[in-house]
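Okay, structure first, notes after.
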Amino acid sequence: MGKMKDDVVLQVDDLSIVYHTIRGDVKATNNVSFELRKGEAMALIGESGSGKTTISLSLIRKLPKNAEVTQGQVLYQRENGEVQDILQLSNRQLREFRWQDCAMVFQGAQNAFNPVLKVSKQFEDTARAHGWSDKKAVRQRSLELLKLVRLDPERVYDAYPHELSGGMKQRTLLALSVLLSPQIVILDEPTTALDILTQRAIIDVLNDMQEKLNFSIIFISHDLSLAAEMADVVATVYAGEIIEIGPVNDMFYESLHPYTFGLLAAVPKLDHEQDVLTSIKGTPPNLINPPSGCKFHPRCRFVLDRCNVDVPALTEDLGSHLAACWNKEAVVEARKEQV
Amino acid sequence: MVSQTSPMLEDAKPESATERIIERAMKIYQNYILRVLLQAVLTVWAVTSFTFILIRLMPGNPIDVLVEQILVQEGISYEEAYARVASSFQFDPDASTLDQYLDWLGDLIRFDLGESITSPGTKVIDEIARFLPWTVFAVGAGLLISFILGIVLGMAMAYYRNSPLDHLLSLFASFITGIPNYIWGLLIVIILGIQFGLFNVGQLRGTYASDVEIGFNYPFISSALAHAALPIITYVISTLGGWMLNMKSSTMSVLNEDYVNVAEARGLRDSRIISAYVGRNAMLPLFTQLTISIGFVLGSGVVIEEIFVYWGLGHYLFASITTRDYTSMQGVFLILTMTVVMANVLADLGYGLLDPRVRVSGEK
Ligand SMILES: Nc1ncnc2c1ncn2[C@@H]1O[C@H](COP(=O)(O)OP(=O)(O)O)[C@@H](O)[C@H]1O
Ligand code: SF4
Ligand SMILES: [Mg+2]
């Protein structure tokens, strides 16, 4: 098994995924690599359809049936230092890995809870599936977690899902996600279906939880202000590739890729909600026949002659801040002019 | 019916669990039970009144039927035969239908179903008590077996959709559903009984062999099962296909639900997901259909019992129709209606147990 740094919990190497469809193969993930450190929160940002969900689903091997991982590995490091490739786990190992090591809150899952079972039953089910069948202990732990997410613990625990509002269900799901103390929690647009006040509450709760329980987070969002608040590291996804990645401040104040720069330029300076990711000119690329060279070139205002021929690679610029672009200097210049 | 659904927990003021249970029970009592009872009584009254009239619209009356029979057999004069029959029956063919109806209703309110017209001295209620259990046994067993089989096969079809197994079972389900149940009854008698000689239809007359003693003993139970087997098989075959196809489509839609996906991500075992997450939710719509099916199978059971000479309520009804035994027919229709209504209430309550969302509001 590949070597991993001690403080890294998840390491994705050169991962590529296609969806087989009748119109051709959708290249939804292309040579994606990144590391997630222990206790770190990483945000994946990018337009809808850029491949964020595909990346996250592959991490717990929950991709749709027509998906195929064509290359790469997903290495997971246990607390005792043991390293496993998630893509090679047996069915039993995979079942155990899910939720116990890596929990996931799916995008748009309004009905994450089984309507005919009480919340308590669903917490117990989760615990028992991973060999923890002491109902009293499960109850006690669950009540603590429900309190941590600022719900009335007893009442919610004994309720049926339909007795909870949307925001309450989402918080209950957050509590459930950390029931088995996983090292990683993946949150795919966890606040999209909620109103703004509830979104705020969820983000506060998440920050709280992470502080107390110290797990790693992969946070997917197309709302940059939420991502900025949650993340230590931000990765920009475009056309199934990570085109820029770096510490949150570098990304927001010194972005090097024209696409990230464009996204941020469109963010209003005040902390206001706005769907900014649609405000970049042009349409998202076709992933069945993607553009040649740099896939962003048809929409890029800094485009050079070589851009539609040569594929730019993620190169190290400022320590841990990487961007895949031939013309970063122009971006830096443009920012200077802006100020 | 409680009009509002259960309150959001956020809005409810704190109160103890027992208080909530009592309050809930009161609501259900005041609204649900009363409503259901009232509906049941009204339904039974309407259906039986309707059949009361229908019965009397049939050509001939009890006296005519027997007179004709005597005329053919004994060759006496019409007047003689009529006088003989009329004197032995407690039935006045000249009384108005309204009078008869009011008489019958008056007795019914005192739970009196009267005596058989054609065999004076025999209480209708006793005859029903003799025949009803066999019908309930055969229909109940048939429906139960068919429901369970249908659920298991339907889920298998959904889990292995588009596999050869699914295609084969779909074909099978459509085929057995397309043929009416009395045809199945006849086919079984003709093909299995007569062509292949797998059983002797004559020996399976009645509900158990005459030489066994009723009670909890092997000869009686095995004999009762053997006699009921063919009607039960017919009920199973004629209803199974519907359950299978319904369960398949219901399961397929549940498999797309978020909570199934999340359950898999939670690492639950497949067995738990199949039973408590997929199965239980997919079964809910079938429960509503169960109530319709009970009435349907009971009704068609009359013909099936006649085909297999199974002495249940249907057989008794058939005999009563032949002799135009009005009181017996009315009794049977009343009991059949009550059984269907009761089955509906039970299925309704069962649905409430399975689906917490309908428990308080009493509606979906
Ligand atoms: N099951 C699927 N079959 C075919 N194409 C899919 C499927 N799921 C997603 N895609 C395509 O893959 C691309 C990436 O989708 P997704 O990962 O959901 O993006 P995001 O989460 O960033 O919105 C999109 O072009 C989308 O249309
Ligand atoms: S490589 Fe060229 S086209 Fe791509 S982002 Fe950089 S400048 Fe634009
Ligand atoms: Mg997505």
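This table checks each residue for (1) among the acidic types (Asp, Glu); (2) within 16 Å of ligand 3 (Cβ to nearest atom); (3) in the same structural domain as A:Gly108 (by TED's automatic domain parsing); (4) at pLDDT below 95.
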site: A:Gly2; (1), (2), (3), (4): no, no, no, yes
site: A:Gly24; (1), (2), (3), (4): no, no, yes, yes
site: A:Asn31; (1), (2), (3), (4): no, no, yes, yes
site: A:Glu35; (1), (2), (3), (4): yes, no, yes, yes
site: A:Ile45; (1), (2), (3), (4): no, yes, yes, yes
site: A:Ser48; (1), (2), (3), (4): no, yes, yes, yes
site: A:Thr54; (1), (2), (3), (4): no, yes, yes, no
site: A:Lys65; (1), (2), (3), (4): no, no, yes, yes
site: A:Glu68; (1), (2), (3), (4): yes, no, yes, no
So is A:Ala112 away from ligand 1 (no atom under 16 Å from the Cβ), within 25 Å of A:Val233 (Cα to Cα), small (Gly, Ala, Ser) and within 11 Å of chain B (Cβ to nearest Cβ) or not? no
Those residues of segment B:261-290 which are of a type in the set (Val, Ile, Thr), buried (at least 19 other Cβ atoms within 10 Å of the Cβ) and more than 7 Å from chain A (Cβ to nearest Cβ) amount to B:Ile273, B:Val278
Exactly one of A:Phe123, A:Phe97, A:Phe113 is away from ligand 2 (no atom under 16 Å from the Cβ), part of a loop (DSSP other than H, G, I, E, B), farther than 16 Å from B:Ser271 by Cα and at pLDDT 95 or above, and that residue is A:Phe113
Determine whether segment B:259-273 contains at least one residue that is small (Gly, Ala, Ser) and touching a residue at least 40 places away in the same chain (Cβ under 8 Å).
no
Given the conditions (1) under 15 Å from the mean Cα position of the chain (by Cα); (2) closer than 21 Å to A:Arg78 by Cα, every one holds for A:Asp13 apart from (1)
Every listed condition ((1) of a type in the set (Gly, Ala, Ser); (2) within 13 Å of chain B (Cβ to nearest Cβ); (3) within 23 Å of A:Val138 (Cβ to Cβ)) holds for A:Gly167 save (3)
Of the residues that make up segment A:162-175, is at least one over 30 Å from B:Leu353 (Cβ atoms) and either among the β-branched types (Val, Ile, Thr) or buried (at least 21 other Cβ atoms within 10 Å of the Cβ) (or both)? yes
| said: So, B:Ala228, is that one farther than 20 Å from B:Tyr351 by Cα and away from chain A (no Cβ under 14 Å) or not? | reply: yes
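Out of all the residues in segment A:134-163, which are assigned to a helix (DSSP H, G or I) and within 14 Å of chain B (Cβ to nearest Cβ)?
Matches in segment A:134-163: A:Val138, A:Ser142, A:Leu146, A:Pro153, A:Glu154, A:Arg155, A:Val156, A:Tyr157, A:Pro161, A:His162, A:Glu163.
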Considering segment A:46-58, residues that are more than 16 Å from ligand 2 (Cβ to nearest atom) and more than 14 Å from every other protein chain (Cβ to nearest Cβ), and then whichever is surrounded by the fewest Cβ atoms within 10 Å (Cβ to Cβ), we arrive at A:Ser48
Determine if segment A:44-51 includes at least one residue that is acidic (Asp, Glu), in a strand (DSSP E or B) and touching a residue at least 60 places away in the same chain (Cβ under 8 Å). no
Contact list, first residue from segment B:206-220 and at negative phi and hydroxyl-bearing (Ser, Thr, Tyr), second anywhere and at pLDDT 75 or above and part of a loop (DSSP other than H, G, I, E, B), beta-carbon distance below 6 Å, six or more apart or interchain, is B:Thr207/B:Trp311
Check your understanding: Any residue at all in segment A:177-198 that is surrounded by fewer than 20 Cβ atoms within 10 Å (Cβ to Cβ), within 16 Å of ligand 3 (Cβ to nearest atom), among the polar types (S, T, N, Q) and touching a residue at least 24 places away in the same chain (Cβ under 8 Å)?
Key -> yes
Practice task
Tell me, yes or no, whether segment B:202-223 has at least one residue that is surrounded by 13 or more Cβ atoms within 10 Å (Cβ to Cβ) and within 30 Å of B:Gln90 (Cβ to Cβ).
Solution key: yes
For A:Ile17, the lone unmet condition from (1) within 14 Å of ligand 3 (Cβ to nearest atom); (2) more than 14 Å from chain B (Cβ to nearest Cβ); (3) out of contact with any Asp or Glu (no Cβ under 9 Å at 6 or more places or on another chain) is (3)
Among helices (runs of 4 or more DSSP H) completely within segment A:219-287, the ones holding 1 or more residues that are within 16 Å of ligand 1 (Cβ to nearest atom) and at pLDDT below 90 are A:224-230, A:258-265
How many residues of segment B:36-55 are surrounded by fewer than 17 Cβ atoms within 10 Å (Cβ to Cβ) and touching a Phe, Trp or Tyr at 6+ places or on another chain (Cβ under 7 Å)? The answer is 0
Over segment A:299-313, the set of residues crowded, with 19+ Cβ neighbours inside 10 Å and outside any helix (DSSP H, G or I) is A:Cys300, A:Phe302, A:Pro312
Right, A:Thr70: within 16 Å of ligand 1 (Cβ to nearest atom), more than 9 Å from chain B (Cβ to nearest Cβ) and surrounded by fewer than 21 Cβ atoms within 10 Å (Cβ to Cβ) or not?
yes
So A:Leu59, is it modelled with pLDDT of 95 or more, away from ligand 3 (no atom under 14 Å from the Cβ) and either under 24 Å from A:Phe215 (Cβ atoms) or touching a strand residue (DSSP E or B) at 6+ places or on another chain (Cβ under 9 Å) (or both)
no
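The values are calculated or read from the model by the stated rules, or taken from the named source; none is laboratory data. In this text the structure is predicted, and so the values were computed from the model without any measurement. So basically every Cβ, Gly included, is an ideal-geometry build from the backbone, and we count neighbours across all protein chains shown.
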